[in-house]
Amino acid sequence: MMQQRLSEKSAQRKAGDTLLSVRNLCKHFPIREGILQSTVGHVRAVDGVSFDIRRGETVGLVGESGCGKTTLSQCVAGLTTPTSGEILFDTGRGGPLGQEDRIDAMPRDRYRTYRRNTQMVFQDNFASLNPRELVIDCIGRPLRVYNEASGSELTERVVELLEQVGLGRQHLYRYPHQFSGGQRQRISIARALALDPELIVLDEPTSALDVSVQAQILNLLWDLQKHRHLAYLFVTHDLSVVRHMADRTVTMYLGRVVEQGPTETIFGNAAHPYTKALLAAKPDLDDDPSVPIATLEGVVPDPARPPKGCRFHTRCPVATPDCGWEVDDIVRLLEADETLFQSLQGVARKTDLEAGLTFADETAAAALHAALGSDRVPLAMRTATETLDLNGKTVNIRFRETEEVSLTDRGEGHQAACVLGRGGQ
Ligand SMILES: Nc1ncnc2c1ncn2[C@@H]1O[C@H](COP(=O)(O)OP(=O)(O)O)[C@@H](O)[C@H]1O
Ligand code: SF4
Ligand SMILES: [Mg+2]
């Protein structure tokens, strides 16, 4: 019966069609302070992200911790409301995706279709499975909520699902703690499959598992995709997993997509220095483990005040004067130098690119002035400086204007947001 249901549904699904489209999506979290809990800023967790997921494909989403992968996944799965931007989902209305397919504006019945067709599997299955719930209730709940089955039919449907993930009837009446981590993840996958979705968002689904168990779960996901014609949004910080699983790869940095394209292209011919650094830092599993690995220097800047221009410019080893240097780069520099930072009395900002920094004494001002003209700051930043004046206790600085750094086409579905290689540079 299950096979028949699946083949009917598969016949309606056309591989390659866009199933979900994310357009200029933002999710900002307010930062509240004080007794009145007034909003003093926003964490820009997802800040203008666009990409598509096609039917039956796996899109790998990679990036360092904190870059917004989980927040983006939750928006895609409808578990949190974006601050702005659009998510379009093909509920079978016919025709190309458009404004009528916005999940926040579609009629109730089509919204239900979207929700049942988009499921999520979390990294932490201890948190996502209710410890007091039997397996049959956990996997059966979506079927009950959507009035798909009840009574003995529901039991048989749950048994079918358990068998599809390598478990069986004997597991129906057990609690989550009676299973291993890998088995619990199989239960989460069975629950996600219950309504026969078209898309599963997998947020680090194997990160908490031992390597051998990881491989089993990846194989299971691979087999399920082939049989059910599923699309996956596969979130991971492990590039070797993406390489094996994803048709296309999207790299995120500080709430933005910096590169996307066919996985082969990303791994063989990455254009963005951040993707290149990730690849160097986390080589393929097949690589020789005795070879030293390069890592990225510095830390990810605060997502409440992301750098201007290219957000990676504070860490980029090949940054140019056109990458978005700004007054905040000097503030970050000062924050790293305790003595100078303590004697900073004020930053009179005219724009993001121009300010006067006043210090407690002339010596401190002269020290900053000297530092900004020396190799203590990257050459690209010095070259981007149009004005650098010392005036008593004040250093006046102005950076040159630069263009926004956005994704540009690099051919064959490959896009990167970097001034290098853009328009023949
Ligand atoms: N509910 C929340 N409230 C405030 N900030 C949040 C919340 N959820 C996530 N963040 C912040 O948003 C940024 C992105 O987080 P997340 O999406 O979890 O990234 P990732 O999954 O890539 O590690 C981080 O700076 C995180 O601290
Ligand atoms: S635009 Fe390119 S070169 Fe410039 S900082 Fe960003 S990644 Fe580096
Ligand atoms: Mg996460």
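Based on C-alpha pairs under 8 angstrom that are at least 6 apart in sequence, segment 144-277 has a relative contact order of 15 percent. Given a 10 angstrom Cα cut-off, can you work out which residue in 333, 193, 129 is the most mobile in a GNM of the chain? The residue that fluctuates most here is 333. The mean of 1/r over all pairs of different alpha-carbon atoms in the chain, once inverted, gives a Kirkwood hydrodynamic radius of 24.1 Å. Seen against the Cα atoms of the chain and their longest principal axis, helix 181-193 is set at about 70 degrees.
Relative to the longest principal axis of the Cα atoms of the chain, the long axis of helix 2-12 makes an angle of roughly 50 degrees. Going by accessible surface with a 1.4 Å probe and the largest first, 305, 332, 132 read 132, 305, 332. Across the chain, Cα pairs under 8 Å and at least six residues apart give a relative contact order of 15 percent. Ranking 50, 150 by solvent-accessible area of protein heavy atoms (1.4 Å probe, all protein chains present), from largest to smallest, gives 150, 50. Counting only DSSP beta bridges with both residues in segment 2-246, the antiparallel share comes to about 60 percent. Could you state the angle between the C-alpha long axis of helix 151-164 and the longest principal axis of the C-alpha atoms of the chain, as a value from 0 to 90 degrees rounded to the nearest 10? Long axis of 151-164 versus the principal axis of the chain: about 60 degrees. Using alpha carbons only, the radius of gyration of segment 358-425 set against its Kirkwood radius gives Rg/Rh = 1.22.
Looking at the chain, the accessible area is 48 square angstrom per residue; that uses a 1.4 Å probe and ignores ligands, DNA and RNA. Looking at this model, which pairs from 27/276; 69/350; 27/308 are more than 30 angstrom apart at the alpha-carbon? From 27/276; 69/350; 27/308, over 30 Å: 69/350. A quarter of the convex hull surface defined by the alpha-carbon atoms of segment 175-262 gives 6.6 nm² as the mean projection. Of the accessible area of the chain, computed with a 1.4 Å probe over protein heavy atoms only, carbon and sulfur atoms account for 48 percent. Taking all protein chains together and a 1.4 Å probe, the residues 226, 27, 393 rank 226, 393, 27 from largest to smallest accessible area.
Per residue, the average separation of C-alpha pairs within less than 8 Å and at least 6 apart gives segment 298-362 a relative contact order of 23 percent.
The values are calculated or read from the model by the stated rules, or taken from the named source; none is laboratory data. No experiment lies behind these values; they were computed from the predicted model shown. Just the protein is used for accessible areas: all its heavy atoms, side chains included, with ligands, DNA and RNA removed. Shrake-Rupley method; radii C 1.70, N 1.55, O 1.52, S 1.80 Å.
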